[in-house]
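See below for the structure under consideration.
The values are calculated or read from the model by the stated rules, or taken from the named source; none is laboratory data. Here the structure is a predicted model, which means the values were calculated and not measured. With ideal geometry, Cβ positions are generated from the backbone for all residues, glycine too; neighbour counts draw on all protein chains shown. The area values use the complete protein model at the heavy-atom level, side chains included, leaving out ligands, DNA and RNA. Shrake-Rupley method; radii C 1.70, N 1.55, O 1.52, S 1.80 Å.
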Amino acid sequence: MIQSIRGFKDILPGETGVWQKIEKTAVSLFEDFGFCEIRLPVLEHTELFSRSIGKDTDIVEKEMYTFADRKGDFITMRPEATASIVRAYIQHRLYAVDPVQKLYTIGPMFRRERPQKGRYRQFSQINAEVLGVDSPLVDAELIFMLAELFRRLLVSDVSVHLNSLGCPKCRPGFTKALQRFLAKVTTQLCADCQKRKDKNPLRVLDCKVLACREAVADAPAMIDHLCAECEAHFATVKNSLNNLKVKFEIDRRLVRGLDYYTRTTFEIQTGSLGAQSAVAGGGRYDGLIESLGGPAQPAIGFAIGFDRLAEIVAAGNNNAAGGIDLFIAALGEKAKTAALEWSCALSIYGIKTETDYSDKGLKGLMKRADRLGAGHVLIAGDKELDEGVAILRDMSTKEQVSLKIEGIIDTLKSKLTAK
Ligand code: ATP
Ligand code: MG
């Protein structure tokens, strides 16, 4: 038997309802906030990611699906969407129309990580990004919108973690202080962090190995090294969030696994996912657009882990699967032909209808109606059809009424939509 690839999973019929609900909620929320959708390719030139995410990051060093295509060009299955959004902004000169672009995109990402619950090799993200605005007010607006999504999805076990990563002016001073600290605790760090501490010291703060977390507990924090501008920017973000009544915690250790972040950085964490506690992450990346060859425009955005969010929403979802409005139990060939016509006609009016074209008897058909959670069953045999009637059974009250075939669509429409 051929099975799916490790870390690549199916989202089964019983699960897709939650995915659709999240997607609908997110799309309508983003549009309420003036965002437009952008759809991006899954394959990009490898260089796009190595230049943006950074060469010395876990993603670029060991997690990307990269291969040479037939002509020998290196291409990569995108591990994240922000780099592609920025590429599109530059390539299509979206900034020339309006430097301010509010964009969202939803789709699969690929990272070759060790698969476990909440961590897959193909997973989906929901991204929203605002390009071209440096005001800290937009940071607050974006975080508010993210918190509002969780509120609309009735997910309450989440907290907003907030930090500032400074800018190219104040970051180097902090990096030096951090390196001095790391030199003192070198022996306690994991093999990866031994390398990170020289090449990319900030990454050490992001390491998930417990010993490393303990070793950096007293490490210096970026927020104590912010320059005046970054300090003021961060203060406005915090004040605005307070005014908007968005609860947050300052997380002095919070960094992100990608190099391009500056200033405001945030993560949404939850207690309900076990080890994989981050449901969404984001922040400013003021230098990225310019570094990829575009205009000097700032930007901020976030990515929600769709799979992790779906797990949380599914766990809190106690109401049973939707069910259908009507099951047509058609007995005999003539009845099946009529059932096809009726179910198509009713579907047009938004009445969820299902029928069965097999040769089951009435008992078997009623069983299937039960399994589908049908509110009503329309029983039609060739005999009834000859008499010009069909029987409608209300599955909750067990009441049955006889309906005339003539005008039956209108009759069903009024009976089934009145509820
Ligand atoms: P983590 O620290 O859990 O590895 P990350 O910092 O690598 O996350 P980002 O690159 O910021 O994650 O992506 C944003 C969100 O995408 C994460 O908060 C998480 O919910 C989700 N995510 C990241 N990697 C995976 C994965 N391999 N499988 C499922 N979801 C993921
Ligand atoms: Mg990761």
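Pairs of alpha-carbon atoms within less than 8 angstrom and 6+ residues apart define the contacts here; what relative contact order does segment 326-412 have, in percent?
30
Kindly state, to the nearest 0.05, the FRET efficiency for ILE409 paired with ARG6, given R0 = 45 Å and r defined as their beta-carbon distance.
After rounding, the FRET efficiency stands at 0.35.
Over segment 44-195, what relative contact order in percent results from Cα pairs under 8 Å that are six or more residues apart?
15
Whole angstrom only: what separates the Cα centroid of segment 186-222 from the Cα centroid of segment 136-185?
The distance from the Cα centre of segment 186-222 to that of segment 136-185 comes to 18 Å.
Could you identify which residue out of THR175, THR355, THR66 has the top mean-square fluctuation in a GNM of the chain using Cα springs shorter than 10 Å?
It is THR355.
Using heavy-atom solvent-accessible surface (probe 1.4 Å) with all chains present, what is the largest-first order of LYS184, LYS352?
Output order, biggest surface exposure first: LYS184, LYS352.
Considering only protein heavy atoms, what is the solvent-accessible area of ASP58 at a probe of 1.4 Å, reported in Å² to the nearest 10?
Accessible area, nearest 10 Å²: 50 Å².
Sorting ILE11, ILE85, ILE391 by accessible area (1.4 Å probe), largest first, what list results?
ILE11, ILE391, ILE85
For segment 326-412, with only Lys/Arg (+1) and Asp/Glu (-1) charged at the beta-carbon, what is the dipole magnitude about the Cα centre, in debye rounded to 20?
400
Express the accessible area of the chain per residue in Å², computed with a 1.4 Å probe while the remaining protein chains stay in the model.
Using a 1.4 Å probe on heavy atoms only, each residue of the chain averages 50 Å².
Mind ranking VAL209, VAL279 by accessible surface for me, highest first, 1.4 Å probe?
Sorted descending by solvent-accessible area, the residues read VAL209, VAL279.
Put one equal scatterer on each alpha carbon of the chain, apply the Debye formula with no solvent term, and list log10 I(q)/I(0) at q = 0.08, 0.09, 0.14 1/Å to two decimals.
Here the Debye-derived log intensity ratios amount to -0.58, -0.68, -1.21.
When you count, for each residue, the other Cβ atoms within 10 Å and take the mean per peptide, how do 266-278, 235-247 rank with the highest first?
Descending mean neighbour count gives 266-278, 235-247.
Please work out the Cα center distance from segment 349-387 to segment 1-73, rounded to the nearest Å.
Using only Cα atoms to place each centre, the spacing works out to 42 Å.
Once amide H atoms are placed 1.01 Å from N in the peptide plane, what residues at a sequence separation of 5 or more from ALA299, or on another chain, have their amide H within under 5 Å of its amide H?
Here GLY132, TYR285, ASP286 satisfy the definition.
Once neighbouring chains are kept in place and the probe is 1.4 Å, which whole percent of the accessible area of the chain is contributed by carbon and sulfur?
Reported share for carbon and sulfur atoms: 53 percent.
Quick one: dipole size for the chain, taken about the Cα centre, charges +1 on Lys/Arg Cβ and -1 on Asp/Glu Cβ, in debye to the nearest 20.
Computed charge dipole of the chain: roughly 1200 debye.
Positive end of the dipole of the chain, charges at C-beta (+1 Lys, Arg; -1 Asp, Glu), about the Cα centre: which of PHE234, TYR104, GLY375 has its Cα farthest in that direction?
Among PHE234, TYR104, GLY375, the one farthest towards the positive end of the dipole of the chain is PHE234.
Using a Gaussian network model on the chain with a 10 Å cutoff between Cα atoms, which of HIS376, HIS225, HIS92 fluctuates the most?
Ranking HIS376, HIS225, HIS92 by mean-square fluctuation puts HIS376 first.
Averaging over all projection directions, find the projected area of the Cα convex hull of segment 326-412 and quote it in nm² with one decimal place.
Across all orientations, segment 326-412 yields a mean hull projection of 5.0 nm².
Which value at 222 nm does the chain reach when only helices count, each DSSP H run of 4 or more adding -39,500 (n - 2.57), with the total divided by all residues and rounded to the nearest 500 deg cm²/dmol?
-11500 deg cm²/dmol
Sequence gap at least 6, Cα distance under 8 Å: using those rules, report the relative contact order of the chain to the nearest whole percent.
15
Given the whole protein assembly as supplied and a 1.4 Å probe, what does the accessible area of ILE312 come to in Å², nearest 10?
Here the accessible area works out near 20 Å².
How much of the DSSP bridge set in segment 326-412 is antiparallel, in percent, rounded to the nearest 5?
Expressed as a percentage, antiparallel bridges in segment 326-412 total about 50.
Have a look at SER159, ALA191, THR270 and report the one farthest towards the positive end of the charge dipole of the chain, computed about the Cα centre with Cβ charges (Lys/Arg +1, Asp/Glu -1).
Going by the charge dipole, the pick is ALA191.
Which of these, ASP206, ASP356, ASP307, has the largest mean-square fluctuation under a Gaussian network model of the chain (Cα springs below 10 Å)?
With Cα springs under 10 Å in the chain, the top fluctuation among ASP206, ASP356, ASP307 is at ASP356.
Please identify the chymotrypsin sites (Phe, Trp or Tyr not before Pro) of segment 332-419 that satisfy two criteria: DSSP loop assignment and at most 15 other Cβ atoms within 10 Å. Which are they?
Answer by residue number: TYR349, TYR357.
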